[in-house]
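Okay, structure first, notes after.
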Amino acid sequence: MNDQLAGKLALVAGGTGALGSAVALAFLEQGGTVVVTYRRQAEFDQLRHAAGAQASRLEGQVVDVTDQSAVNRLVESVISKHGNLDAMTNCVGGYAAGKKLWETDGKTLEQMLALNLISVYVLLRAVVPIMLRLERGAIVNVASTAAIDHAAAASAYVASKSAAVALVDSLAADLKGTGVRVNSILPRIIDTEANRKAMPNADYTTWTKAQDIARIILFLCSDRAQAIHGASIPV
């Protein structure tokens, strides 16, 4: 085990999903303590099993990350117990496509904004003041290449991801010189079981593995990435 994150604490929102679990396990492998948010107990149980001997450094809470009060309570409990928060990664997100803008109903737009934008806003509002007080911290939001490559028949999705990247860019300007860093990563299609089922005829070999993205996130959260702030990195 490389222990470059030993003694550090990471919050992984959506930490039991396909990407989130890869990120959580990668942090654990590097010696960190990890707190994940999740919605389904079975998924957290599966993550604990995958963590093996490192499960003693894994914690989880059922949290709706679009609920500011709930997220504030989560962050307060983490600080009360551990006294620090070194990194936060937001892996919460949703996808909707296949319909032209005039065919897309308002509910779909609301869902995409909630999962891909409001979750970011809520998490940042809870986490940033803590990191500013500690005068350190690294934040990575998982957006999408759709934020800059605006494909047809995905208006609600690309709007939500574009807004999330703009939100993080503006925050980066706010945080300049504070010791707190924030970046976005922009994956294309991630090789997950759900995506394979949704696109059974696709060429999976061209898709990025969740573990590869997790390694990029770990780098951005590490001291080796001190010079990277306000970036939007295509993966």
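The values are calculated or read from the model by the stated rules, or taken from the named source; none is laboratory data. It should be emphasised that the depicted structure is a prediction, and the values quoted were computed from it without experimental measurement. When we count neighbours, we look across all protein chains shown, and the Cβ atoms used for this are built from the backbone with ideal geometry, even at glycine.
Taking every residue in the stretch 101-127 that is acidic (Asp, Glu) and pairing it with any residue that is surrounded by fewer than 20 Cβ atoms within 10 Å (Cβ to Cβ), at least 6 positions away or on another chain, the pairs with Cβ-Cβ distances below 9 Å are 103/153; 105/99.
Of the residues making up the stretch 67-84, those that are touching a helix residue (DSSP H, G or I) at 6+ places or on another chain (Cβ under 7 Å), of a type in the set (Val, Ile, Thr) and under 18 Å from residue 136 (Cβ atoms) are 75, 79. Listed by first and then second residue, the pairs linking a residue in the stretch 205-232 that is under 23 Å from residue 34 (Cα atoms) and polar (S, T, N, Q) to a residue that is buried (at least 19 other Cβ atoms within 10 Å of the Cβ) and at pLDDT 95 or above, with Cβ atoms under 7 Å apart and 6 or more places separating them unless they lie on different chains, are 211/22. Of all the criteria given as (1) touching a residue at least 40 places away in the same chain (Cβ under 8 Å); (2) crowded, with 20+ Cβ neighbours inside 10 Å; (3) aliphatic (A, V, I, L, M); (4) under 24 Å from residue 96 (Cβ atoms), the one not satisfied by residue 153 is (2).
Checked against (1) under 24 Å from residue 192 (Cβ atoms); (2) touching a residue at least 40 places away in the same chain (Cβ under 8 Å), residue 158 passes all but condition (2).
In the stretch 76-134, what count of residues is obtained for those that are of a type in the set (Phe, Trp, Tyr) and either touching a Leu at 6+ places or on another chain (Cβ under 7 Å) or within 28 Å of residue 6 (Cα to Cα) (or both)?
Our first condition is that a residue be of a type in the set (Phe, Trp, Tyr); within the stretch 76-134, this holds for 95, 102, 121.
From what's left, either touching a Leu at 6+ places or on another chain (Cβ under 7 Å) or within 28 Å of residue 6 (Cα to Cα) (or both): 121.
Summing the residues that are of a type in the set (Phe, Trp, Tyr) and either touching a Leu at 6+ places or on another chain (Cβ under 7 Å) or within 28 Å of residue 6 (Cα to Cα) (or both) in the stretch 76-134 gives 1.
The single condition from (1) out of contact with any Ser or Thr (no Cβ under 9 Å at 6 or more places or on another chain); (2) in contact (Cβ under 8 Å) with a residue 24 or more places away in the chain; (3) not in a strand (DSSP E or B) that residue 34 fails is (3).
Could you go through the stretch 99-110 and let me know if any residue there is under 19 Å from the mean Cα position of the chain (by Cα) and either within 22 Å of residue 175 (Cβ to Cβ) or of a type outside the set (Lys, Arg) (or both). Scanning the stretch 99-110, I find no residue that is under 19 Å from the mean Cα position of the chain (by Cα) and either within 22 Å of residue 175 (Cβ to Cβ) or of a type outside the set (Lys, Arg) (or both), so the answer is no.
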